[in-house]
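Working notes for the structure below.
The values are calculated or read from the model by the stated rules, or taken from the named source; none is laboratory data. Predicted model, so just to flag it, every value in this text is computed and none were measured. Cβ: placed from backbone, ideal geometry, glycine included. Neighbour counts: every protein chain shown. Keep in mind that these areas ignore ligands, DNA and RNA; they rest on the heavy atoms of the full protein, side chains included. Shrake-Rupley method; radii C 1.70, N 1.55, O 1.52, S 1.80 Å.
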Amino acid sequence: GEDRAIELIKQLFNVTTLESFGFEEYKPAFLAAGAIIDYIFDTQKGCVPKFDVIKPYSISDYVSIDSNTRKNLELLETSRDKTKYGSLYWALDRVKTPMGARLLKTWITQPVKNIEELKTRQNAVKELIENSRSRLNLASLSDRICDIERLAVKISNSSANPRDFLALKDTFLLFPNFKSIFSEFENKYLNGFSDKGEELYEFGGIIDRKSTRLNSSHGYISY
């Protein structure tokens, strides 16, 4: 029921009220989310993924593209061969990480209407183009990044293995390098990283120290 849906959302996010989430304005959506959370609690049996935030999604913020239009525009695949080659995604795809690939697909299939948002993205690209050295350094670092989103889900589901943690460690220990490069930019999509990542860097150090001790104790780490 409605009361259970509300209580489940409060429980999941450890809050006493949903007002700050915009509950009154989007009440039906939050009740639907509560039903989904109830299903997750019932089926995952103690391995509920960690959710950081719940926020409304408004379709009016994006250009509406139906399936036929998406197919004819060949956004993600060609209409004839159903392949990536020749599509808009293929033409734009220069991403270095799986996370970037997912974001690019989202931006292509859900174009935003907000002009200021579009200008911000364009200015970010402009800054990268004008700073070749920083752009190439970022590309080189990004080649060494693991799929943080995927591994975060595995950890929240208690299905991560030691190799996953070592991959995260290698990624997190690169954060100071990213921070140094991003601090050179002005755009919010680029310099927004400059005040983040400290805790994750420390977490990477913890994994590194523990794995080193295991390696010293046993001579090797087996998987």
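On the basis of being touching an Asp or Glu at 6+ places or on another chain (Cβ under 8 Å) and of a type in the set (A, V, I, L, M, F, W, C), does F193 make the cut?
So F193 does not fit the description; no.
From the list I9, I65, the lone residue that is open to solvent by less than 50 Å² (accessible area, probe 1.4 Å) and assigned to a helix (DSSP H, G or I) is I9. Among the residues of the range 68-88, those identified as in a helix (DSSP H, G or I) and either open to solvent by 60 Å² or more (accessible area, probe 1.4 Å) or within 23 Å of L136 (Cβ to Cβ) (or both) are N68, R70, K71, N72, L73, L88. Residues in the range 21-47 that are open to solvent by less than 60 Å² (accessible area, probe 1.4 Å), part of a loop (DSSP other than H, G, I, E, B) and without any contact (Cβ under 8 Å) to a residue 40 or more places away in the chain: G22, F23. Across the range 136-153, the qualifying residues are those that are within 20 Å of D93 (Cα to Cα) and of a type in the set (A, V, I, L, M, F, W, C), and the one among them that is most open to solvent (accessible area, probe 1.4 Å) is L136.
For beta carbons closer than 8 Å, sequence separation of 6+ or different chains, a first residue in the range 97-125 that is within 27 Å of N68 (Cα to Cα) and a second that is exposed (fewer than 11 other Cβ atoms within 10 Å of the Cβ), the qualifying pairs are K113/S60. Scanning the range 105-119 for any residue that is under 23 Å from the mean Cα position of the chain (by Cα), open to solvent by 90 Å² or more (accessible area, probe 1.4 Å) and under 25 Å from N157 (Cβ atoms) turns up nothing.
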